[in-house]
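The values are calculated or read from the model by the stated rules, or taken from the named source; none is laboratory data. Bear in mind that the values here come from a model prediction, so they are computed numbers and not experimental data. With ideal geometry, Cβ positions are generated from the backbone for all residues, glycine too; neighbour counts draw on all protein chains shown. Surface areas here come from the heavy atoms of the whole protein model, side chains and all, with no ligands, DNA or RNA. Shrake-Rupley method; radii C 1.70, N 1.55, O 1.52, S 1.80 Å.
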Amino acid sequence: MKLTTNTIDKSQVQKAALITGTGGGIGKATAELLLKEGYLVFGYSRTNKINHPNFTFTPIDLSDLAQINDLALPIISAVNVLLINNAATIGSIVPFDKKENSDIINEYNLNLVSPTILCRKFITTYTDQEKLLINIGSGAANSPIPSWSTYCATKAALDMLTQVIAEENHKNLRVFSVHPGIVDTNMQKTIRGTEEHLFPLLSKFTAYYSKNELETTTIAAQKLYYIIQNSSEFTKNILSIRDVNLK
């Protein structure tokens, strides 16, 4: 049985966004900002706290590939359609030899396989509309961080997927991988809650918090919105939110 979202045909609607991981963090903050800016927003996550007439929530476990395979994206008449693959997990923070096979599978599914499938669904569903595809990457894609094996590997793969899609020059499509930097989310709480013998860089990440160096989700969403609004200005497909200067 296919998971479906509402079919919406509003002639006045010009902009629509599909966002994964809207249950909290950057996903929720971005969804709320886009709603304020007049977007129709479709959220995909396990939980939801957003209540807005232009928000459609689809409860889904994005690490469950059967649910992803069955998901049908909404048929909408918006001229501009945006997909933000935001949902991700840091996974179990342990040395690689202590990883459980089940954790490896779930982390790869959520961080890489599901967004890959959603990229394809997005491109093939909205063939004639102007499309912007944003994969939320990470600086961890470029840094081998101990005890973050699957997170680093999947984010590196997501960057490469983004670049390959860009090289293929799909019709009416711009695609980016955006690295948000260090943001005050539940993922950071999980990192700080790790035992030091399992994560040798623990003190570095607790210092980010104690020194108030974490970006807020509100600012991260505003910078992401700047990229959305000015996507034609960027010539590279791998971007860092840190490079966006809000005036």
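Could you check the range 94-119 and list, in sequence order, the residues that are surrounded by 20 or more Cβ atoms within 10 Å (Cβ to Cβ) and either assigned to a loop (DSSP other than H, G, I, E, B) or out of contact with any Leu (no Cβ under 8 Å at 6 or more places or on another chain) (or both)? Of everything in the range 94-119, just one residue is surrounded by 20 or more Cβ atoms within 10 Å (Cβ to Cβ) and either assigned to a loop (DSSP other than H, G, I, E, B) or out of contact with any Leu (no Cβ under 8 Å at 6 or more places or on another chain) (or both), namely Glu107.
Could you list, in sequence order, all residues of the range 120-148 that are touching a residue at least 24 places away in the same chain (Cβ under 8 Å) and either part of a helix (DSSP H, G or I) or hydroxyl-bearing (Ser, Thr, Tyr) (or both)? Scanning the range 120-148 gives Lys121, Phe122, Ile123, Thr125, Tyr126, Thr127, Ser138, Gly139, Ala141, Ser147.
Candidates are the residues of the range 215-247 that are among the polar types (S, T, N, Q) and in contact with a Ser or Thr (Cβ under 8 Å, 6 or more places away or on another chain); the one that is farthest from Phe205 (Cα to Cα) is Asn237. Being β-branched (Val, Ile, Thr) and within 29 Å of Lys189 (Cβ to Cβ) is the filter here; which residues of the range 33-91 pass it? If the condition is that a residue be β-branched (Val, Ile, Thr) and within 29 Å of Lys189 (Cβ to Cβ), then Val41, Thr47, Ile50, Thr56, Thr58, Ile60, Ile68, Ile84, Thr89, Ile90 are the ones that fit. Within the range 12-38, residues that are touching a residue at least 12 places away in the same chain (Cβ under 8 Å) reach partners that are acidic (Asp, Glu) and outside any helix (DSSP H, G or I) with beta carbons closer than 9 Å, at six or more positions or on different chains, in the pairs Lys15/Glu37; Gly25/Asp184. The sole residue among Asn212, Asn172, Asn186, Asn245 that is loosely packed, with under 15 Cβ neighbours inside 10 Å, modelled with pLDDT of 95 or more and of a type in the set (S, T, N, Q) is Asn172.
I'm told Thr162 meets every condition in (1) open to solvent by 60 Å² or more (accessible area, probe 1.4 Å); (2) in contact with a Ser or Thr (Cβ under 9 Å, 6 or more places away or on another chain) except one. Can you identify the failing condition by its number? Among (1) open to solvent by 60 Å² or more (accessible area, probe 1.4 Å); (2) in contact with a Ser or Thr (Cβ under 9 Å, 6 or more places away or on another chain), the lone unmet condition for Thr162 is (1). Contact annotation: residue pairs with Cβ atoms under 6 Å, 6 or more positions apart or on different chains, pairing a residue in the range 230-247 that is touching a residue at least 12 places away in the same chain (Cβ under 8 Å) with a partner that is open to solvent by less than 40 Å² (accessible area, probe 1.4 Å) and part of a loop (DSSP other than H, G, I, E, B), are Ile241/Pro180; Ile241/Gly181; Arg242/Gly181.
Filtering the range 41-82 to residues that are open to solvent by less than 10 Å² (accessible area, probe 1.4 Å) and not hydroxyl-bearing (Ser, Thr, Tyr) leaves Val41, Phe42, Gly43, Ile60, Ile68, Leu71, Pro74, Ala78, Val81, Leu82. From the set of residues in the range 39-52 that are outside any loop (DSSP other than H, G, I, E, B) and either among the aliphatic types (A, V, I, L, M) or touching a residue at least 60 places away in the same chain (Cβ under 8 Å) (or both), which is nearest to Lys121 (Cα to Cα)? Among them, the one singled out is Val41.
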